[in-house]
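Engineer: This is the structure I want to talk about, given as structure tokens.
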Amino acid sequence: MGNVRPAWHVNEEQTLEFGELDAEIREKERGKQPAKLVTGNDNGWCDKWVVMSVPDARDLVNGTTAYAPLPGSNPTQYVQKNAAAQLLERIAQANKDVLSKLFISRQHSQLASVFHPNMSLLELATTGSQQAELAWPAFQALWSELTVTKPAEAAEGFKPFALRPPVLITIDGISHWMQDTKYSNAEYEPIHAHDLTFVNHFLSLASSPAISMPNGGLVLYATSTSNNPAIHTFDLGIKQLSARCSGVNPTSSGFPLPGPYEKLDARRKDWGL
């Protein structure tokens with residue numbers, strides 16, 4: 001069994017935001033993605049959405065990929081260039097038909113060495129996947145292009161602007177992003193998962209999906225009982241969200257609260273918990 005937490009924004013005259021759904025689901029097989037994530041990916045591709053998938057959240061926090069401080073970030077954030085390149089490769093392969101028909105609509109100064117005004121979003125993603133040093137700025141540029149609602153004011157020389165499709169994001173093993181990682185900072189202290197640029201980006205989407213995804217979209221976060229770390233702060237947050245969805249008043253005696261001597265993770269991302 002597992003839990004799926006969706007953040008949904010439908011851009012049809014009004015916005016629907018579902019803060020939390022604590023739903024029990026069945027995994028297709030042990031060690032594979034929960035069925036709802038697989039179904040979500042399939043539906044996204046069929047509906048010509050742009051689909052981004054993180055099949056195992058552990059891969060970003062288990063100390064197996066290169067990382068470096070993001071220049072100018074305060075507090076310090078850390079970029080994982082190889083992980084960014086791999087994600088862009090998956091995005092390019094999974095969304096080739098959609099991205100090949102969409103084109104950049106504005107300048108992206110961090111990509112000046114490879115930029116040209118007729119670049120498709122597929123070429124943008126592919127370029128980032130092939131040049132790890134450009135992977136993070138390429139992802140930022142891709143995300144900004146997918147979330148614009150109109151062309152830039154000074155857009156001469158660019159291809160005609162086309163409306164962007166909704167974005168579907170699925171992440172399996174989200175609980176691994178609620179604790180310290182296997183990475184260390186310059187002082188040899190563990191880096192919290194929320195200080196990784198990708199983790200921070202994907203978690204921030206749930207806080208305000210209508211703003212983060214103005215063209216519509218769906219974010220599915222999933223946990224499972226296999227290889228799932230016990231993180232009390234996160235587990236309590238899930239229970240509280242489930243209680244709210246069931247109509248339990250936060251001031252009532254039936255609302256889940258921490259014990260008087262329980263220490264919660266001060267770095268817990270506040271995405272509605």
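The values are calculated or read from the model by the stated rules, or taken from the named source; none is laboratory data. Keep in mind the model is a prediction, meaning the values are calculated, not measured. With ideal geometry, Cβ positions are generated from the backbone for all residues, glycine too; neighbour counts draw on all protein chains shown.
Engineer: Among the residues of the range 184-197, is any among the aliphatic types (A, V, I, L, M), exposed (fewer than 14 other Cβ atoms within 10 Å of the Cβ) and at pLDDT 90 or above?
Structural biologist: yes
Engineer: With without any contact (Cβ under 8 Å) to a residue 40 or more places away in the chain and either surrounded by fewer than 16 Cβ atoms within 10 Å (Cβ to Cβ) or under 18 Å from Leu196 (Cβ atoms) (or both) as the only criterion, which of Thr147, Thr65, Thr76 stands out?
Structural biologist: Thr65
Engineer: What are the residue pairs meeting all of these: first residue in the range 159-173, first residue closer than 19 Å to Lys96 by Cα and free of Cβ contacts under 8 Å to residues at least 60 places away in the same chain, second residue crowded, with 24+ Cβ neighbours inside 10 Å and among the β-branched types (Val, Ile, Thr), Cβ atoms under 8 Å, and 6 or more apart or on different chains?
Structural biologist: Going by the 8 Å Cβ cut-off, the qualifying pairs are Lys159/Ile104.
Engineer: Right, another one. Only one residue in Ser208, Ser175, Ser252, Ser226 is within 14 Å of the chain's Cα centre (by Cα), surrounded by fewer than 16 Cβ atoms within 10 Å (Cβ to Cβ) and small (Gly, Ala, Ser), so which one is that? Before the answer, list the steps.
Structural biologist: Details: Ser175 fails: surrounded by fewer than 16 Cβ atoms within 10 Å (Cβ to Cβ); Ser252 fails: within 14 Å of the chain's Cα centre (by Cα); Ser226 fails: within 14 Å of the chain's Cα centre (by Cα).
Of the residues listed, the single one that is within 14 Å of the chain's Cα centre (by Cα), surrounded by fewer than 16 Cβ atoms within 10 Å (Cβ to Cβ) and small (Gly, Ala, Ser) is Ser208.
Engineer: Continuing with this model, one more query. Out of Ala125, Ala85, which single residue is touching a helix residue (DSSP H, G or I) at 6+ places or on another chain (Cβ under 9 Å), assigned to a helix (DSSP H, G or I), modelled with pLDDT of 95 or more and under 30 Å from Glu187 (Cα atoms)?
Structural biologist: Working: Ala125 fails: under 30 Å from Glu187 (Cα atoms).
Just a single option satisfies the conditions, and that option is Ala85.
Engineer: Follow-up question, since we're still on this one. Mind checking which residues of the range 88-122 are in a helix (DSSP H, G or I) and surrounded by fewer than 20 Cβ atoms within 10 Å (Cβ to Cβ)?
Structural biologist: Once the filter is applied, which keeps residues that are in a helix (DSSP H, G or I) and surrounded by fewer than 20 Cβ atoms within 10 Å (Cβ to Cβ), the range 88-122 yields Glu89, Arg90, Gln93, Ala94, Lys96, Asp97, Val98, Ser109, Gln110.
Engineer: Looking only at the range 198-213, which residues are farther than 15 Å from Thr181 by Cβ, in a helix (DSSP H, G or I) and either at pLDDT 95 or above or among the aliphatic types (A, V, I, L, M) (or both)?
Structural biologist: Correct list: His201, Ala210, Ile211.
Engineer: Next up: Within the range 104-142, which residues are over 18 Å from the mean Cα position of the chain (by Cα) and over 22 Å from Ala162 (Cβ atoms)?
Structural biologist: Those that are over 18 Å from the mean Cα position of the chain (by Cα) and over 22 Å from Ala162 (Cβ atoms): Ser109, Gln110, Ala112, Ser113, Gln130, Gln131, Ala132, Glu133, Leu134.
Engineer: What pairs come up if the first residue lies in the range 111-140 and is under 16 Å from Gln86 (Cβ atoms), the second is modelled with pLDDT under 95 and among the small types (Gly, Ala, Ser), and their beta carbons are under 8 Å apart, counting only those six or more places apart or on different chains?
Structural biologist: From the range 111-140, the pairs are Leu134/Ser113.
Engineer: Val248: part of a loop (DSSP other than H, G, I, E, B), modelled with pLDDT of 80 or more and either of a type in the set (Val, Ile, Thr) or within 30 Å of Glu145 (Cβ to Cβ) (or both), yes or no?
Structural biologist: Spelling it out, Val248 is indeed part of a loop (DSSP other than H, G, I, E, B), modelled with pLDDT of 80 or more and either of a type in the set (Val, Ile, Thr) or within 30 Å of Glu145 (Cβ to Cβ) (or both).
Engineer: So, of the residues in the range 219-241 that are out of contact with any Pro (no Cβ under 6 Å at 6 or more places or on another chain) and at pLDDT 80 or above, which turns out to be farthest from Lys48 (Cα to Cα)?
Structural biologist: Across the range 219-241, the extreme among qualifying residues is Thr223.
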